[in-house]
Amino acid sequence: MQPKPGSHLTKTSLTPTVFRAGNTLRKLATVPAVASVYAYQGGFLDVGTHRLWIRARPSNNPAMILSSQLVEGDLTTATRHLREGGWATLRANI
């Protein structure tokens, strides 16, 4: 993804790169020191002068939200809603 002409955004280490994982996930999961491997999708969304980092974890991911990141509400309820679909979490200053 290239920044729009005239944009304040520049290419950084957080600029997404699309690639095909192929057998990579399966191979990583067989490494003895690796506890688990999950694929998830993500991307950036420009809203005004802000760039939002959108991350989409699979619904079977054990940690949909880290407890340290939940500012308000119940972790179990929030996780259940995310697994149901149609729900999202937002950063506090958005």
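Values quoted throughout were computed directly from the atomic coordinates according to the rules given, and no laboratory measurement underlies them. Here the structure is a predicted model, which means the values were calculated and not measured. Every residue, glycine among them, receives a Cβ derived from its backbone with ideal geometry; neighbour counts consider all protein chains shown.
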Quick check on the exposure proxy: order D46, D74 from fewest to most C-beta atoms within 10 angstrom.
D74, D46
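Restricting attention to region 38-77, which chymotrypsin sites (Phe, Trp or Tyr not before Pro) occupy a DSSP loop and are surrounded by at most 15 other Cβ atoms within 10 Å?
On the way: sites: Y38, Y40, F44, W53; in loops: Y38, Y40.
Answer in residue order: Y38, Y40.
In what sequence do I65, I54 fall when counting other Cβ within 10 Å, fewest first?
Working: I65 15, I54 10.
Lowest count first: I54, I65.
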